[in-house]
Amino acid sequence: MKKILFLLFLIPAACFSQRSKNMLPVIPQPYEVSVDSGSFQFTDSTVIVIPQFIIEGEGKYLQSRLENLFGKKLRIENATLLKGKYILLQQVDMDVKTGDYYRLNITDSSINIYGKGNEGIFWGIQTLLQLLGANDSSLKIPCCRIYDYPRYSWRGMHLDVCRHFFTKEEVKKYLDLLAFYKFNIFHWHLTDDQGWRIEIKKYPLLTQIGSVRKETVIGKPSDTAKYDGKPYGGFYNQDDIKEIVAYAQERHITIVPEIEMPGHALAALSAYPQFSCCMEPLEPATTWGVFDDVYCAGNDSTFEFLENILSEVCELFPGKYIHIGGDECPKDRWMLCEKCQRRIKTENLKDEHELQSYFIGRIEKFLNSKGKQIIGWDEILEGGLAPNAAVMSWRGTDGGIEAAKQKHYVVMSPGKPCYFDHYQSKNKKSEPLAIGGYNPLDSVYLYEPTPSQLKEDEKNYILGAQGNVWTEYITDFSHVEYMSVPRMCALAEVLWTPAAKKDFKNFIVRLKNHSKLLDRMNVNYAKHFLKIRTLWRHEEVLSNGLR
Ligand code: ACM
Ligand code: ZN
């Protein structure tokens, strides 16, 4: 009996040491980790070595992050003769198709990051920064070998800058967070009913009139709600946009700008009411919800207006995708509008849903002619999907499943668990006011973006998933951080790590370790996870690795 009890005790201990041995404080969990004995001690004479000119950007990025995060200013050398303690960044010919793979080998005298492309090297740098930050102030990292690459190609985070506006510097801080957790897509929601936030040179009234609402509802909208009486506005001029696009490019993040149509257009129509069905004066919305005034689909000049806007947008954003919105478009105005009804007849359309498809299809054709692809919310399936459109599935996953079956690319972003504006605790009274719902960290972590009901070839159409941060109730950037982190850390692991290698408790141990790094980065993260009980503390695991 005693023997059996002894064995029962040994089994979990053995599992623990096996799992902890190769565990490093990295989020998302890398594909393959081997921890060796010994450690690399970072010193002031450590140098960054870049033998190839092509990696200069990565070298400078690493240099500036080491200075910002750890106060260490390292020299960059391009010598091929390696001596002393160094961090080597190098492109190598790896036997892989894409450039986002990397190898990180750490010995007691050198740190080597190899990638087929700069992108892989960049993700390897993030892993290194996380390892460096894990050990309070000693800057000592365990010797290890990591081989790593992402599971999905669309690892997205979204930010609504319309309901509330965030400055250029705040957007950059958001991009830094995205990069740190290996996200490669930033979906920038730039236009909506409550504010137009991007300068368009051809239509200056979009920002002169459309970027300012006269006041904002206090709390939840209702017939008796009060308003604050204060004008609220903000926008990015084209120089700001260029600066942010360049900042994202340096971080291997593609920006997907969203220009909403045919609905969520009140701010634009307050500046140019001639493109609405009623053509009457309108104002940017001062409350939240869905509004009846949308772009007139029967008026050719509406398309000319939108195409001129999109031409400037295409010039500003080098990425392949332009998000055209497409969600929550009421059809009431179209039903009463002579021009819209005429369009339905002349185009042989069945109803207003097909009129919406006509609208999106026409815009798609224009954007395809500019070499761009469109992506839209899943309502663009209604009335028939435009020929090359990708679908962002937000009203659950059915839209995404349907689109994949139709052989269209899909980004999964179902409200549960991808809306980070929902509550993250059941105790709502202890939380800042949120739009509703309950979307805790473990729900995000356990999410599987590829629906099991798809056939194998259909599964290839799932590009990945995205976390959405709508800001009706998020008034400042520190609150954006509170809603996004750590749920975005959980989503990062969903999108990067093979499903079979995920483990929630293990994630929480690593996350607890990350709290030090997040503090160092001055991020206002939500701290609910600190109360989740775990078997081991990360510091113990790390010191095991260092022994
Ligand atoms: C959405 O949340 N209306 C896409
Ligand atoms: Zn109309």
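How many residues does the range 134-168 hold that are in contact with a strand residue (DSSP E or B) (Cβ under 6 Å, 6 or more places away or on another chain) and hydroxyl-bearing (S, T, Y)?
3
If we scan the range 316-330, do we find a residue that is within 11 Å of ligand 2 (Cβ to nearest atom) and either loosely packed, with under 14 Cβ neighbours inside 10 Å or of a type in the set (F, W, Y) (or both)?
No; the residues of the range 316-330 include none that is within 11 Å of ligand 2 (Cβ to nearest atom) and either loosely packed, with under 14 Cβ neighbours inside 10 Å or of a type in the set (F, W, Y) (or both).
(1) within 30 Å of the chain's Cα centre (by Cα); (2) of a type in the set (G, A, S); (3) farther than 13 Å from D193 by Cβ: which one isn't true of A268, the others all being true?
Of (1) within 30 Å of the chain's Cα centre (by Cα); (2) of a type in the set (G, A, S); (3) farther than 13 Å from D193 by Cβ, only one is false for A268: (3).
Say we look at the range 263-309 and pick out the residues that are more than 16 Å from ligand 2 (Cβ to nearest atom) and either modelled with pLDDT under 95 or of a type in the set (A, V, I, L, M, F, W, C) (or both); which of these is surrounded by the most Cβ atoms within 10 Å (Cβ to Cβ)?
Among them, the one singled out is A267.
Which of the numbered conditions does E364 fail, given that it passes all the others? Conditions: (1) more than 27 Å from R487 (Cα to Cα); (2) of a type in the set (D, E); (3) within 14 Å of ligand 1 (Cβ to nearest atom).
Every listed condition holds for E364 apart from (3).
Which pairs do you get when a residue that is under 21 Å from V444 (Cβ atoms), found in the range 387-400, comes within reach of a residue that is among the acidic types (D, E) and part of a loop (DSSP other than H, G, I, E, B), reach meaning Cβ atoms under 8 angstrom, with the pair 6+ apart or on two chains?
These pairs meet every condition: W394/D327.
Out of curiosity, is A246 among the small types (G, A, S) and free of Cβ contacts under 8 Å to residues at least 12 places away in the same chain?
yes
Each row is one residue, and each column tells you yes or no for (1) free of Cβ contacts under 8 Å to residues at least 40 places away in the same chain; (2) within 30 Å of L511 (Cβ to Cβ).
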site: M157; (1), (2): no, yes
site: D160; (1), (2): no, yes
site: E169; (1), (2): yes, yes
site: L175; (1), (2): no, yes
site: L178; (1), (2): no, yes
site: I198; (1), (2): no, no
site: P204; (1), (2): yes, no
site: I209; (1), (2): no, no
site: S222; (1), (2): yes, no
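Mind listing whichever residues of the range 368-379 are under 20 Å from the mean Cα position of the chain (by Cα) and part of a helix (DSSP H, G or I)?
Passing the criteria: only D378.
Checking K97 against (1) in a loop (DSSP other than H, G, I, E, B); (2) in contact with a strand residue (DSSP E or B) (Cβ under 7 Å, 6 or more places away or on another chain); (3) not polar (S, T, N, Q), which single condition isn't satisfied?
(2)
With in a helix (DSSP H, G or I), more than 29 Å from the chain's Cα centre (by Cα) and either more than 22 Å from G133 (Cβ to Cβ) or at pLDDT 95 or above (or both) as the only criterion, which of P12, P51 stands out?
Among P12, P51, only P12 is in a helix (DSSP H, G or I), more than 29 Å from the chain's Cα centre (by Cα) and either more than 22 Å from G133 (Cβ to Cβ) or at pLDDT 95 or above (or both).
The values are calculated or read from the model by the stated rules, or taken from the named source; none is laboratory data. The structure presented is a predicted model; accordingly, all values stated were derived computationally and were not measured. Glycine gets a Cβ as well: all are built from the backbone with ideal geometry, and neighbour counts include every protein chain shown.
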